[in-house]
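The values are calculated or read from the model by the stated rules, or taken from the named source; none is laboratory data. Small disclaimer: the values here were computed from a predicted structure and weren't measured. Counting neighbours? That spans all protein chains shown, and the Cβs are built from the backbone with ideal geometry, glycine included. Ligands, DNA and RNA are stripped out before the accessible areas are found, and what is left, the full protein with its side chains, is counted by its heavy atoms. Shrake-Rupley method; radii C 1.70, N 1.55, O 1.52, S 1.80 Å.
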Amino acid sequence: MEDKKLNIDELIKQCRDETHKLTEQLQNEKVVEFTDYSMDDLKVVDFSEDFSTIDAQSQEERNLAQEEIKADSDEKLSAEEIDELNKLEAELEDEEEQEVTNVKQLVDYSNNPTIIDFENVTMRYNKVDKLIEGLNLKIHEGEFIYLVGPSGAGKSTLSRLIYRDVNNVGGTVWVDGINATRLKPHDLHKLRKKIGVIFQDYKLLPDLTIYQNVKYTLDVIGYPKKKKDEQVLKTLEKVGIKDQKDKYPNELSGGQQQRAAIARAIVNEPKIIVADEPTGNLDVKNADIVMKILERIHKSGTTVIMATHDTKIVNKYKHRTLKIEAGGIKGENKQGGYIYE
Ligand code: ADP
């Protein structure tokens with residue numbers, strides 16, 4: 001009996017040793033953090049700020065964990081919202097099926113005219129450090145481009161250069177024939193008319209209804225008065241939130257707010273859409289809907305530039321992908337798909 005007990009004690013000791021070894025190994029790989037090496041205290045570390053050090057497999061694991069969190073948040077949607085999402089999703093999926101032949105092979109846009117041209121661009125946020133130096137990049141009409149890379153890499157800054165939302169810029173950013181870097185403030189509207197911008201946090205005006213938020217774009221650009229109402233309603237219908245038009249942003253779910261923000265960005269039918277982490281605040285289902293809407297916008301001929309670090313989306317909806325790091329282009333995948341290294 002005593003012998004058996006000793007053997008079991010020995011076994012438990014071996015198990016503990018193995019667990020220690022494994023936990024140390026996992027900690028070194030920055031996958032998980034254990035408190036006091038107890039399996040009960042296992043906790044997943046949020047290492048979103050440290051993307052660059054994680055290998056592809058770890059990122060996949062992280063995606064799965066994120067998906068679970070997002071799936072939980074799906075449960076918070078009302079039955080009405082789920083119905084609405086399912087309807088829109090079915091509609092978008094039908095369109096996708098019709099396009100299936102185009103999906104397999106990425107279209108080559110390199111023979112299309114250049115619509116955005118970064119020529120030897122340099123940019124700094126303060127007087128000392130240059131974030132971007134000698135950047136050259138051509139984006140062709142009708143392309144869909146992902147800017148991927150770790151947090152702080154410069155994805156937002158590149159996006160902001162396109163709609164001239166940053167200063168201290170050297171070189172030239174051409175946007176559909178306009179020199180965006182040298183544009184006088186009173187001419188900015190000429191540039192902004194060509195570009196619809198979508199943000200991670202929607203940036204809807206809280207004191208205006210959804211209808212008014214979308215109409216605001218048309219007011220600013222002097223759209224013909226008689227056609228405004230029809231154009232706003234048509235656009236809200238395209239993104240599946242016409243029924244919500246008289247509500248204020250804070251009465252809508254995140255997914256609905258982002259679709260309102262997309263409506264605001266596309267209502268004047270701009271040639272270019274710049275989307276900065278448009279799915280960053282959304283659960284899986286709403287992120288998917290947003291992507292399907294962006295795909296639809298792209299298929300209608302609009303050039304789309306999307307900054308994201310959502311590997312799952314980049315791998316699902318494939319487009320030319322540029323890896324941004326330290327303010328420069330550190331890799332390109334013409335066939336689409338996330339660039340991990
Ligand atoms: P990303 O979109 O890839 O997360 P950003 O373009 O937002 O990267 O930021 C790139 C770098 O520029 C970061 O180091 C960030 O801290 C810095 N930065 C961004 N915006 C500003 C700003 N307004 N003033 C000073 N530094 C900034």
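Laid out as a table, the results:
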| quantity | calculated |
| --- | --- |
| Computed FRET value (nearest 0.05) for ASP83 with LYS316, which takes r as the C-beta separation and R₀ as 22 Å | 0.35 |
| Distance-filtered residues of segment 258-276 - backbone nitrogen under 17 Å, label point 7 angstrom along HIS189 Cα→Cβ | 268-270 |
| Dipole magnitude of segment 209-290, debye to nearest 20 (Cβ charges: Lys/Arg +1, Asp/Glu -1, about Cα centre) | 420 debye |
| Cut-off under 5 Å, modelled amide H: who pairs with ILE198 long-range | VAL274, ALA275, ASP276 |
| Translational diffusion of segment 179-294, µm² s⁻¹ [Kirkwood Rh, Cα pairs; Stokes-Einstein; 4 °C; 1.567 mPa s] | 89 µm²/s |
| Segment 239-341: relative contact order as a whole-number percent, Cα under 8 Å and 6+ apart | 20 percent |
| Cross-link table LYS225/LYS316; LYS155/LYS242; LYS271/LYS312; LYS194/LYS238; LYS227/LYS316, entries beyond 29 Å C-alpha to C-alpha | LYS225/LYS316; LYS155/LYS242; LYS227/LYS316 |
| Top positive-direction residue, dipole computed over segment 135-257 with Cβ charges, set PRO206, GLY154, ILE139 | ILE139 |
| Cα centroid of segment 127-183 to Cα centroid of segment 235-273, whole Å | 26 Å |
| For peptides 288-295, 314-321, 87-94, sequence by mean Cβ density within 10 Å, most packed first | 288-295, 314-321, 87-94 |
| Charge dipole (segment 203-311, unit charges on Cβ, about Cα centre) - positive-most of ILE221, ILE262, ILE293 | ILE221 |
| Accessible surface of segment 145-275, 1.4 Å probe, proportion on carbon and sulfur as whole % | 48 percent |
| Full-stretch length increase - GLN105, LYS228 - with 0.36 nm per residue and alpha-carbon distance subtracted | 40.4 nm |
| Charge dipole (debye, nearest 20) of segment 115-271; +1 at Cβ of Lys and Arg, -1 at Cβ of Asp and Glu | 360 debye |
| Area of ARG296 that stays accessible when all protein chains are in place (1.4 Å probe, Å², to 10) | 50 Å² |
